[in-house]
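Shown next, in structure tokens, is the structure this report addresses.
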Amino acid sequence: MSWKPEADDLARRHAYAENLGGPEAVAKHHSQGRLTIRERIAGLCDSSSFQEVGKLTGKGTYENGELKSVVPAPYVMGLAKIDGRPVAIGGEDFTVRGGTSWGSDRRKGGQGGFVEDLAHEYRIPLVNLIDGAGGTVTSAARRGHTVFPGVHGFERSVQLMSEVPVVSAVMGTAAGGPAGRAILSHWSVMVKGTSQVFAAGPPVVERSLGQKIHKEDLGGAQIAVDQAGTIDNAAENETDCFAMIRRYLSYMPSNVWELPPVVDTGDAPDRRDEGLLTIVPRERRQPYNMRKLLGMIIDRDSAFEIQPTYGRAVITSLARMNGKVVGVIANNPMVNGGAMDVKAARKQTHFVQLCDTFHIPIVFLVDVPGFMVGLQAEQAATLREGMKSVYTALQATVPMLTVVIRKCYGMAGMGTTDKNGLDFKIAWPSAEWGSLPVEGGASAAFKREIESAPDPKARLAEIEADLRRFASPLLTAEAFAVEDVIDPRDTRPYLCRFIDAMQGRLATTVGQKLRAGVCP
């Protein structure tokens, strides 16, 4: 007695699945500079760690009851490990029907389905490798009727956003449902030149609007990442994309009931960088390199910037301090003088939400003269988006530490403080703050006096000089209205001590959620 014939039949069926859409379809896919879904999973995950689920799913062709061939389902998914930690992973197989949805009793994944259930039930990260256009009008002919939008909805996708890290990598052309799925993630990435994302592709745009446009001009990385911020980061190629996914997940806990992993970076927490004494110019309007400043404070080479090419007036980066994960929000004086425009506000809001979800304390490195002003800023609703970022920060429960490097003014400055927490603020000697900068503020407050003066410009200069003498951070420190003014070289040791000390508070928060058995 042996079950070898049945085992051989399973092996044949597995071979059909591994053949994907066939040699010609795979060759065409490769000619476009793209890997297949199986090659992508192998390139991203730990060696031999992928346990596929649903490999037999497909449509078989039979003659006289004997299997002749199988067209596999255009989705591959299962359980794997990345850097030794379990993940649920899946993606469309573009070589089979362009990765369009498959009518089966239970969806494998993509928008709902088993792979999302796996991430939910096991509390492990979900990685979506997106390469499909979603639904097709031919499905109506197959069913004999049309269906309401959302027959395979985003209910589980939305639920996962408050449970586990969700990563979406757009690996080809994504439209419709897959494009929406890419947005419903904590972090997203696409590949320059070979991936695009949009609500609907060029044929639909041409038919509905009469506009002929190439898919790269409609939803390539320059549009989706740099201009719109639809996708967070762009990779140079698929190998770079895999490295970025691994790097991002290294900062994340497996779920919201755990703390982010702590690693030994080999960088002493008491390191003092002499370069911090000279990095901020004495000329208060002169810009400086905030990314370089950040690198001197955090653990060496630990920065992973989120949305580096979008909303460039603010820098948002995951990093480590004495091995602990932190989120850094730093104003960029090289763009708009650090003033918060509408894109920077959206970027900051998204990043605060990410950090708050996964118990990542936030460090603000502040040099913000306020919200961007002017006609274009008002037309873009900068005030609305800016106040949303303030609202989000006030709603967050994760600890925050504020370091004022130079300017901290107005409502944008208010959004960099932990008003519902410890409200801990330290400053460099170069720091200044207030409701609004002396420049402009003096012109408004003393308008009549300036206009009636024999020399209005000279009187304005006198008033500004008189007001500026009150702007010394040391005067605020004397009133304990700022907790400390420090030697810039002490920034790293100072912050590391507080980040180490807050770990018990973070662990307590996680424990409370775990005991309650509820999501945030």
Answer yes if at least one residue in region 391-412 is over 17 Å from residue 280 (Cβ atoms), open to solvent by 10 Å² or more (accessible area, probe 1.4 Å) and among the basic types (Lys, Arg), and no otherwise. no
Determine the pairs where a residue that is farther than 12 Å from residue 430 by Cβ and touching a residue at least 60 places away in the same chain (Cβ under 8 Å), located within region 278-297, has a partner that is of a type in the set (D, E, K, R) and open to solvent by 20 Å² or more (accessible area, probe 1.4 Å) with Cβ atoms under 6 Å apart, the partner being 6 or more residues away or on another chain. 296/273
Exception for residue 463 within (1) outside any strand (DSSP E or B); (2) in the same structural domain as residue 315 (by TED's automatic domain parsing); (3) among the β-branched types (Val, Ile, Thr) falls at (2)
Among (1) in a strand (DSSP E or B); (2) touching a helix residue (DSSP H, G or I) at 6+ places or on another chain (Cβ under 9 Å); (3) closer than 23 Å to residue 133 by Cα, residue 38 falls short only on (1)
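One line per residue, one yes/no per condition, for (1) buried (at least 17 other Cβ atoms within 10 Å of the Cβ); (2) aromatic (Phe, Trp, Tyr):
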{"residue": "187", "(1), (2)": "yes, yes"}
{"residue": "193", "(1), (2)": "no, no"}
{"residue": "207", "(1), (2)": "no, no"}
{"residue": "225", "(1), (2)": "yes, no"}
{"residue": "232", "(1), (2)": "yes, no"}
{"residue": "235", "(1), (2)": "yes, no"}
{"residue": "239", "(1), (2)": "no, no"}
Residue pairs within 7 Å by beta carbon, gap of at least six or interchain, first lying in region 298-313 and of a type in the set (A, V, I, L, M), second assigned to a loop (DSSP other than H, G, I, E, B), listed first then second, are 306/232; 313/332; 313/335; 313/339; 313/341
Within region 466-505, track down each residue that is at pLDDT 95 or above, open to solvent by less than 30 Å² (accessible area, probe 1.4 Å) and in a helix (DSSP H, G or I). 488, 491, 492, 493, 495, 496, 499
Show the residue pairs meeting these rules: Cβ distance below 7 Å; 6+ apart or different chains; first residue within region 409-435 and among the aliphatic types (A, V, I, L, M); second residue assigned to a strand (DSSP E or B) and surrounded by fewer than 21 Cβ atoms within 10 Å (Cβ to Cβ). 426/484; 427/485
Only residues that are part of a helix (DSSP H, G or I) and open to solvent by less than 10 Å² (accessible area, probe 1.4 Å): list them for region 295-338, please. 297, 338
Where residue 66 falls short, out of the listed (1) open to solvent by 60 Å² or more (accessible area, probe 1.4 Å); (2) of a type in the set (Asp, Glu); (3) at pLDDT 95 or above: (3)
State which residue is modelled with the lowest pLDDT when the search covers only region 447-465 and only residues that are farther than 24 Å from residue 428 by Cβ and open to solvent by less than 50 Å² (accessible area, probe 1.4 Å). 463
Select from region 69-81 the residues that are open to solvent by 70 Å² or more (accessible area, probe 1.4 Å) and of a type in the set (A, V, I, L, M, F, W, C) and list them in ascending order. 71
Kindly indicate whether residue 254 is assigned to a strand (DSSP E or B), of a type in the set (S, T, N, Q) and either touching a strand residue (DSSP E or B) at 6+ places or on another chain (Cβ under 6 Å) or modelled with pLDDT of 95 or more (or both). no
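The values are calculated or read from the model by the stated rules, or taken from the named source; none is laboratory data. Note that the coordinates shown come from a computational prediction; the quantities given were computed from them, not determined experimentally. Positions of Cβ are generated from backbone atoms using ideal geometry, with glycine treated the same way; all protein chains shown enter the neighbour counts. We work out accessible area using only protein heavy atoms, side chains counted, and drop any ligands, DNA or RNA first. Shrake-Rupley method; radii C 1.70, N 1.55, O 1.52, S 1.80 Å.
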